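Values in this text are rule-based calculations from the coordinates and carry no lab data. Since the model is a prediction, treat every value here as computed from it, not as a measurement. Reconstructed Cβ throughout: ideal geometry from the backbone, glycine too, with neighbour counts over all protein chains shown.
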Amino acid sequence: MENFHICPVAAFYQSLLLPVSYSLVFVLGLTLNCALLRSVCCRARRPCSTVIYMTNLAVADLLYVLSLPPLIISNVMGGLWPFGDVLCKSARFFFFVNLHCSMMFLTCVSVHRFLGVCFPIAAVRLRTRKLALFASGSVWVLATAEILPTLAFAHSGTVNNRTVCFEMTNPQNFNVYFPYGLFLAIVGFLIPFLIVLTCYCSMIKALYCSAPGGISKVTTARVRNKSISTILAVCVMFVLCFVPYHVARTVYLFVRVYMPEDCQLLNVAKIAYEVWKPVISFNCCANPLLYFWGSRRHRHKLQALLCKKKMRIHPGVWLVDAGKKGP
């Protein structure tokens, strides 16, 4: 007998929280990432390493939001899956592939910035267009390889006479899925998270300890403080979007495998996991906002677009290359 029949899991959030939040993410993510792609692609005819990383990040986020409509429809229908087994596997596969790609490209961007701030001389040799293309291609290959087993685990099935699309796997296979779930948590989240945290902490230390001097003392201090505030904003966004989701997901997997009879604990773990799922989705909307916010040039453009009036565009601090000015 399936665990769903032994210990029912609450799903009151499914027809309201997830459809509304995913719909909002779809609209905002589609609009903002299209604007980001248009911005970075029009910046230069021959893309530099920064443009390559930001383009790939925007593509990963865009593909992520494009995988949401079937999930939105299913959640509106109370979890009923009317699209068949092939689309179930495809939807879950692309959902997680692009989520992991987004995480990895954020890691690439953090390393890219770290080299520019902490090792500016070595950065000239390491931050090349060729290396950026190689790293971007590697990210897509590695993320696809990591998520490939999802095609075997995720499938449609029947629970309480309703056809559903299992997000991870069916309840009977959770024992088999659990090691793979831990692997994804470690390789797809913990390692990139530690890399990002190390890079940004090192950057903050380097920028904070650098003493502005010379004729442009005030300007240098302003640029440095702007860079530090931008880094802190990125760190906060990263932690809020990714950490709670992966912790809640791992806890839910543990409870589902080792304590499935504790209905109260299982429901708490399941609800916590479902609540944080939309939060991690908002990361694909936050990336373009941080990009525009970190660049004065693009921030003025965004303000002009929203206010529907012309504004003078001034060159400012380029977000991706800390300390480097925009064109």
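Find which of Val65, Val51, Asn75 sits farthest along the positive direction of the dipole of the range 34-94, computed with +1 on the beta-carbon of Lys and Arg, -1 on that of Asp and Glu, about the Cα centre.
The residue sitting most towards the positive pole is Val51.
Using the Cα centre as the reference, give the magnitude of the dipole from point charges on the C-beta atoms of the range 75-197 (Lys, Arg: +1; Asp, Glu: -1; all else neutral), rounded to the nearest 20 debye.
The dipole magnitude comes to about 520 debye.
Tell me the label-point distance for the pair Leu87, Leu265, using the 7 Å Cα-to-Cβ offset, in nm and rounded to one decimal.
With each label point 7 Å from Cα toward Cβ, the separation is 3.9 nm.
Show me, for the range 274-287, the HN-Hα J-couplings you get by feeding each phi into the Karplus relation (A = 6.51, B = -1.76, C = 1.60, θ = phi - 60°), rounded to Hz, glycine and proline as x.
Residue by residue, the range 274-287 yields 5, 5, 7, 4, x, 5, 5, 5, 5, 4, 5, 8, 6, 4 Hz.
Could you rank the peptides 22-35, 181-194 by their average count of other C-beta atoms within 10 Å per residue, with the highest value first?
22-35, 181-194
Calculate the FRET efficiency for Phe254 and Ile204 from the Cβ-Cβ distance with a Förster distance of 35 Å, rounded to the nearest 0.05.
On the way: r = 34 Å, r/R0 = 0.97.
Result of the calculation: an efficiency of 0.55.
Find the relative contact order for the range 3-307 and round it to a whole percent, using C-alpha pairs within less than 8 Å whose residues are 6+ positions apart.
Value for the range 3-307: 24 percent.
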